[in-house]
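Let me begin by presenting the structure, written as structure tokens, before commenting on it.
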Amino acid sequence: MPATVVVGTQWGDEGKGKLTDLLAKDMRLVVRYQGGHNAGHTIVVDGESFALQLIPSGVLYSHTVPVIGNGVVVDPAVLLAECDMLESRGVDTSRLVVSGNAHLIMPYHYEIDRATERALGKNKLGTTKRGIGPAYADKAARIGLRVQDLLDEKIFLEKLDVAVREKNAVLAKVYNRLALDRDEIADLYLHQLAPRISPMIGDTVSLVHEALEAGENLMLEGAQATFLDLDHGTYPFVTSSNPTAGGACVGTGIGPRDISRVVGISKAYVTRVGSGPFPTEVDGELADLLVDRGREYGTNTGRRRRPGWMDVVMLRQAARLNSLSEIALTKLDVLSELETVKVCVGYRVDGERLSRVPYHQSVQHRVEPIYEELPGWQDDLSGATTLEDLPKAARNYVECIESHAGVPVSYVGVGPGREQYVRFSQ
Ligand code: GDP
Ligand code: IMO
Ligand code: MG
């Protein structure tokens, strides 16, 4: 069976973890293809909540093989802590395989992430400060250390020497920060972390292809989202990898013809953490209500997420960029009890109407949303299991999104729990 991709269609936190977990019940391999522990994917099973950063959201089933693909950046200490957390809660992580080609996040990446954010002042990106951007920058500059380097002390030390020399010069001379100790880093990575990580390291490209050849189901789990994509997002307010579906090919080592299904995850409204343009952002009482009801605080960083109305201009763009075959619409329950609900169907800028996301950054910052306003619904949706359980106004809202996006909505989320969803079209 070809692969299914799960991709965020907004600015992250759409509920990818929940959907990945839901779909993983029919999958053999669940592969993370990009990002690192800037991600926070929450899964709620029988009232118990699991917040995952690096380990794929399929890990909770005993029949899946969780894989960290080559496109991911890995802090081995974070990975081991996540394994320990899961093991302590009865989840077996022994099947986890980590690509030897994935790049390592090193202590100096955190330092540089923090220092560059500080230096940017009011123009800061609002990164997660996890060293993600600097780690991908080293990958692109071809001076990164990879997971496989943990297996070869000589190569690891050679590369580390070059990197530490350069980073310490930058930290001291550009950012006025203290130098990092090369021997401490070497000891931590080679003697404390490598012995536990080594058995997990593997050739994940072969693993993925063997599964494809055996006709097994594979899922490729994206982190972040379409509008945080380095190429297609609201640059520079983006992450440093490619969450869009194309990134799933590069980040796992398969070609586009091996992907048969692309599930775009979208909240029934929109949130964003960190800086950057957000045309449908709301404030005041409505913002507080959405944040409270939707518990819109970062899974890892605890930061309050900025909320706004649904934006189908972005969703249409996401459908194009990812070849979406379907949309899973999450958190519809959060919108209950509002008198009316709004959907942004176009933008106005300089007296003109736009039906597409403008490519020009300065225009993105000043577009004004054009809304369609629909009747709300008062019912609590959290117990809904079938289409008939959804009030007519809620169904209309979903159908409105579906028709503007031009892609069917297959699932509607009505609560954080694994079972809290309704099958919509299909
Ligand atoms: P991800 O990063 O895309 O995996 O999303 P997060 O886990 O960071 O944020 C989504 C939050 O919404 C989590 O706390 C989920 O448990 C929760 N969630 C997911 N789907 C639904 C839903 O349909 N309704 C409600 N109320 N919460 C949901
Ligand atoms: P999941 O997978 C929401 C945002 C940060 C910042 C920008 C760059 O849980 O959806 P980075 O640390 O990646 O260099 O930060 O991207 N960001 C996320 N926002 N959800 C995420 O992941 C995010 N990962 C990064 O807030 O604006
Ligand atoms: Mg998240």
Would you check which residues across region 400-426 are hydroxyl-bearing (S, T, Y), surrounded by 14 or more Cβ atoms within 10 Å (Cβ to Cβ) and away from ligand 1 (no atom under 16 Å from the Cβ) and list them? S425
If the Cβ limit is 6 Å and pairs must be 6+ apart or interchain, which residue in region 58-73 that is under 18 Å from A3 (Cα atoms) pairs with which residue that is modelled with pLDDT under 95? T64/G58; P66/G58
Residue in region 108-140 that is farthest from F237 (Cα to Cα), counting only those that are within 21 Å of the chain's Cα centre (by Cα) and among the aromatic types (F, W, Y): Y110
Checked region 105-140 for anything in contact (Cβ under 8 Å) with a residue 40 or more places away in the chain, assigned to a helix (DSSP H, G or I), farther than 17 Å from I185 by Cα and of a type in the set (A, V, I, L, M, F, W, C); matches are A115, A119, I132, A137
Being at positive phi and more than 16 Å from ligand 3 (Cβ to nearest atom) is the filter here, so list the residues in region 315-340 that pass it. S323, E337
Of the residues S62, S49, only one is more than 16 Å from ligand 3 (Cβ to nearest atom), over 17 Å from the mean Cα position of the chain (by Cα) and either more than 13 Å from L218 (Cα to Cα) or at pLDDT 95 or above (or both); which? S62
Collect the residues in region 196-228 that are among the small types (G, A, S) and surrounded by 20 or more Cβ atoms within 10 Å (Cβ to Cβ), keeping them in residue-number order. A211, G222, A223, A225
Checking the conditions here, which among P236, P243, P256 is within 27 Å of S99 (Cβ to Cβ) and under 19 Å from the mean Cα position of the chain (by Cα)? P243
From the list L23, L79, exactly one residue is away from ligand 2 (no atom under 11 Å from the Cβ), out of contact with any His (no Cβ under 9 Å at 6 or more places or on another chain) and not basic (K, R). Which is it? L23
Residue satisfying condition, being over 12 Å from the mean Cα position of the chain (by Cα), of a type outside the set (F, W, Y), within 16 Å of ligand 1 (Cβ to nearest atom) and at pLDDT 95 or above, within set V44, V67, V72, V91: V44
Taking region 12-34 and keeping only residues that are more than 10 Å from ligand 1 (Cβ to nearest atom) and either small (G, A, S) or surrounded by 24 or more Cβ atoms within 10 Å (Cβ to Cβ) (or both), one is left with A24, M27, L29, V30, V31, R32, Y33, Q34
Of everything in region 295-317, what is part of a loop (DSSP other than H, G, I, E, B) and more than 9 Å from ligand 1 (Cβ to nearest atom)? Give them in sequence order. T301, G302, R303, W309
Would you mind stating whether T4 is more than 8 Å from ligand 1 (Cβ to nearest atom), among the β-branched types (V, I, T), in contact (Cβ under 8 Å) with a residue 24 or more places away in the chain and over 13 Å from E221 (Cβ atoms)? no
Subset of region 272-316 [crowded, with 17+ Cβ neighbours inside 10 Å, charged (D, E, K, R) and within 14 Å of ligand 2 (Cβ to nearest atom)]: R272, E296, R305, R306
Among the numbered conditions (1) buried (at least 19 other Cβ atoms within 10 Å of the Cβ); (2) in contact (Cβ under 8 Å) with a residue 60 or more places away in the chain; (3) out of contact with any strand residue (DSSP E or B) (no Cβ under 6 Å at 6 or more places or on another chain), tell me where L193 comes up short. (1)
Starting from residues that are among the hydrophobic types (A, V, I, L, M, F, W, C) and more than 22 Å from P416 (Cα to Cα), keep the ones in region 358-393 and report whichever is farthest from the chain's Cα centre (by Cα). L374
Filter region 239-266 down to the residues that are assigned to a loop (DSSP other than H, G, I, E, B) and without any contact (Cβ under 8 Å) to a residue 60 or more places away in the chain and list them by number. G255
Given the options Y371, Y397, name the one that is within 17 Å of C344 (Cβ to Cβ), aromatic (F, W, Y), touching a residue at least 12 places away in the same chain (Cβ under 8 Å) and surrounded by 21 or more Cβ atoms within 10 Å (Cβ to Cβ). Y397
For region 85-97, pairs from a residue that is of a type in the set (D, E, K, R) to a residue that is part of a loop (DSSP other than H, G, I, E, B), with Cβ under 8 Å and 6 or more apart or across chains, are E87/T93; D92/S62; R95/T64
Here the qualifying pairs (Cβ atoms under 6 Å; residues six or more apart or on different chains; first in region 341-355 and on the phi < 0 side of the Ramachandran plot; second of a type in the set (D, E) and part of a strand (DSSP E or B)) come out as K342/E373; V343/E372; C344/D311; V345/E372; R348/E368
Contacts under 6 angstrom Cβ, first residue in region 279-298 being more than 16 Å from W11 (Cα to Cα) and of a type in the set (K, R), partner within 16 Å of ligand 3 (Cβ to nearest atom) and outside any loop (DSSP other than H, G, I, E, B), 6 or more apart: R293/V334
Pick out the one residue from A211, A194 that is among the small types (G, A, S) and more than 26 Å from the chain's Cα centre (by Cα). A194
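The values are calculated or read from the model by the stated rules, or taken from the named source; none is laboratory data. Note that this is a predicted model, so its numbers are computed, not measured. Cβ: placed from backbone, ideal geometry, glycine included. Neighbour counts: every protein chain shown.
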